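Here, each number is a calculation from the coordinates, and none is a lab measurement. Everything numeric here is computed off the predicted structure, so don't read it as measured data. Using ideal geometry, Cβ is built from the backbone for each residue, glycine included, and neighbour counts are taken over all protein chains shown.
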Amino acid sequence: MKVFVDEECSLHRPPYEILSGKIVAYHETPDRLLQIRLALEGDGVFQIEDADRSIDVQRHALQVHSVDYIEYLESAFGLWVEEGGDPEGSLFPETFPNAKITQRFATANLAPRSLAGKTGYYCFDLSCPITADTYTSVLASARVSLSAARELSRSGESAFALSRPPGHHAGTSVAGGYCFFNNVAIAAKYLQQESECSTCCGIAILDIDYHHGNGTQEIFYSDSSVTYVSLHAELDYPYFTGSREERGDGPGEGFNHNFPLPFGTEDGAYCGELRKGVKVIKEFDPAYLIVSLGVDTFESDPIGAFKLTTACYAEIGCIIRGLSKPTLFVLEGGYDLDTIGKNVRTLLEGFITGAV
Ligand code: OKP
Ligand code: ZN
């Protein structure tokens with residue numbers, strides 16, 4: 001299996017995040033990519049390939065994100081430094097447009113004009129500080145997923161996008177949960193445009209990260225050509241999305257499927273629910289499958305509260321293999337540096353070989 005990488009993914013390095021009221025080291029680190037790469041390379045099972053620098057990433061990102069949001073991400077840090085922000089530091093939102101104070105903006109559909117206003121408007125939490133290098137890495141991350149998607153559309157071979165920052169919390173015009181561009185959504189739009197059947201080309205997105213992919217859900221909520229299926233922790237971050245009742249809207253109704261699971265979920269129960277999600281995808285019969293691959297479901301993940309073991313990742317890979325679709329795996333979360341490499345490798349090998 002080909003694994004796509006881009007060294008610019010490692011430039012984004014915020015010094016800290018605010019978690020449970022504490023300033024803590026940023027969990028979403030470049031070391032995550034390094035550990036996974038070390039586990040995948042060396043024995044010929046995976047071929048590491050550089051993403052294509054000639055891909056016009058912004059053009060593809062515009063199929064998913066609004067132009068004002070993209071321009072904000074590109075310019076915010078420079079504007080902040082002009083206003084006196086620390087060039088070595090990171091830009092955090094401080095004031096959010098809570099629905100209880102935004103009547104004027106909601107009715108007129110206005111974006112705030114001040115930088116501080118925009119910084120709250122285009123972000124929903126404190127997990128997405130912007131540094132001098134953030135936008136470079138955001139582009140690189142999407143470039144990796146586009147390169148892997150192109151491999152699928154050209155060869156039909158499944159591929160893995162080894163990228164960061166992750167993407168599934170990022171919506172049309174909002175960053176959050178370490179995510180800025182929604183890499184799987186950008187890849188899905190690319191695959192629909194590249195394939196002969198255009199937008200009727202069905203895509204299924206299976207999100208097995210521990211957290212609900214609110215951004216992916218939002219982007220495709222009214223779209224019947226993309227089925228979103230997510231297994232995630234109920235009652236955990238991002239708190240306001242991911243219920244079973246969220247089934248899509250308008251023409252997209254019935255094409256969004258959430259499987260919220262309790263804290264402490266173990267291998268057997270997880271795979272049982274995964275089989276249900278896979279059944280939904282089988283019935284939809286997509287041309288391509290995209291997997292939002294997070295291993296923060298692991299028992300020792302520092303921010304997840306499921307209890308999956310390494311053996312379970314082989315079974316997950318095997319269950320996904322059962323769909324027999326050209327499959328694009330895109331990295332999302334997973335924060336235990338000692339096990340992230342082994343767990344990602346085990347899942348991909350389960351998919352490749354079908355052995356558990
Ligand atoms: C990104 B991905 C919980 C705070 C959570 C952000 C988590 C982002 C996860 N109390 N902070 O889905 O792995
Ligand atoms: Zn996650």
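Check off (1) within 16 Å of ligand 1 (Cβ to nearest atom); (2) closer than 20 Å to His212 by Cβ; (3) in contact (Cβ under 8 Å) with a residue 60 or more places away in the chain; (4) surrounded by fewer than 22 Cβ atoms within 10 Å (Cβ to Cβ) for Phe263 and give me the number that stays unchecked.
Result: Phe263 fails condition (3) only.
If you scan the stretch 218-260, which residues turn out to be crowded, with 22+ Cβ neighbours inside 10 Å and within 19 Å of Asp296 (Cβ to Cβ)?
Selection gives Tyr228, Val229, Ser230, Leu231, His232, Ala233, Gly242, Asn258.
Got a sec? Which of Gly334, Gly304 is within 15 Å of ligand 2 (Cβ to nearest atom), touching a helix residue (DSSP H, G or I) at 6+ places or on another chain (Cβ under 7 Å) and of a type outside the set (A, V, I, L, M)?
Details: Gly304 fails: touching a helix residue (DSSP H, G or I) at 6+ places or on another chain (Cβ under 7 Å).
Testing whether each residue is within 15 Å of ligand 2 (Cβ to nearest atom), touching a helix residue (DSSP H, G or I) at 6+ places or on another chain (Cβ under 7 Å) and of a type outside the set (A, V, I, L, M) leaves just Gly334.
Among the residues of the stretch 259-272, is any under 16 Å from the mean Cα position of the chain (by Cα) and within 19 Å of Ser292 (Cα to Cα)? First the steps, then the outcome.
Here is the first cut: in the stretch 259-272, the residues under 16 Å from the mean Cα position of the chain (by Cα) are none.
No, that holds for no residue.
Across the stretch 127-160, what is the total count of residues that are under 16 Å from Phe181 (Cβ atoms) and not in a loop (DSSP other than H, G, I, E, B)?
17
Any chance you could count how many residues in the stretch 165-179 are outside any strand (DSSP E or B), touching a Cys at 6+ places or on another chain (Cβ under 9 Å) and under 19 Å from Tyr221 (Cα atoms)?
Step one: list which residues in the stretch 165-179 are outside any strand (DSSP E or B), which gives 165-170, 172-173, 177-178.
So of that shortlist, the ones also touching a Cys at 6+ places or on another chain (Cβ under 9 Å) come out as 165-170, 177-178.
Subset that is under 19 Å from Tyr221 (Cα atoms): 167-170.
Final tally of qualifying residues: 4.
Considering only the stretch 309-327, state which residues are surrounded by 24 or more Cβ atoms within 10 Å (Cβ to Cβ) and either among the small types (Gly, Ala, Ser) or within 21 Å of Gly177 (Cβ to Cβ) (or both).
Gly317
Quick check: is even one residue across the stretch 166-186 closer than 20 Å to Ile36 by Cβ, among the β-branched types (Val, Ile, Thr) and away from ligand 1 (no atom under 16 Å from the Cβ)?
No, because not a single residue in the stretch 166-186 is closer than 20 Å to Ile36 by Cβ, among the β-branched types (Val, Ile, Thr) and away from ligand 1 (no atom under 16 Å from the Cβ).
If you check Asp68 against the conditions, is it part of a helix (DSSP H, G or I), within 16 Å of ligand 1 (Cβ to nearest atom) and either exposed (fewer than 14 other Cβ atoms within 10 Å of the Cβ) or touching a residue at least 40 places away in the same chain (Cβ under 8 Å) (or both)? Write out each step before concluding.
Numbers: part of a helix (DSSP H, G or I): yes; within 16 Å of ligand 1 (Cβ to nearest atom): no; either exposed (fewer than 14 other Cβ atoms within 10 Å of the Cβ) or touching a residue at least 40 places away in the same chain (Cβ under 8 Å) (or both): yes.
No.
So, in the stretch 216-260, exactly how many residues are within 16 Å of ligand 1 (Cβ to nearest atom) and either in contact with a Pro (Cβ under 9 Å, 6 or more places away or on another chain) or part of a loop (DSSP other than H, G, I, E, B) (or both)?
Keep residues of the stretch 216-260 that are within 16 Å of ligand 1 (Cβ to nearest atom), which gives 216-219, 228-242, 258-260.
Filter once more, so that each one left must be either in contact with a Pro (Cβ under 9 Å, 6 or more places away or on another chain) or part of a loop (DSSP other than H, G, I, E, B) (or both): 230-242.
Of the residues in the stretch 216-260, 13 are within 16 Å of ligand 1 (Cβ to nearest atom) and either in contact with a Pro (Cβ under 9 Å, 6 or more places away or on another chain) or part of a loop (DSSP other than H, G, I, E, B) (or both).
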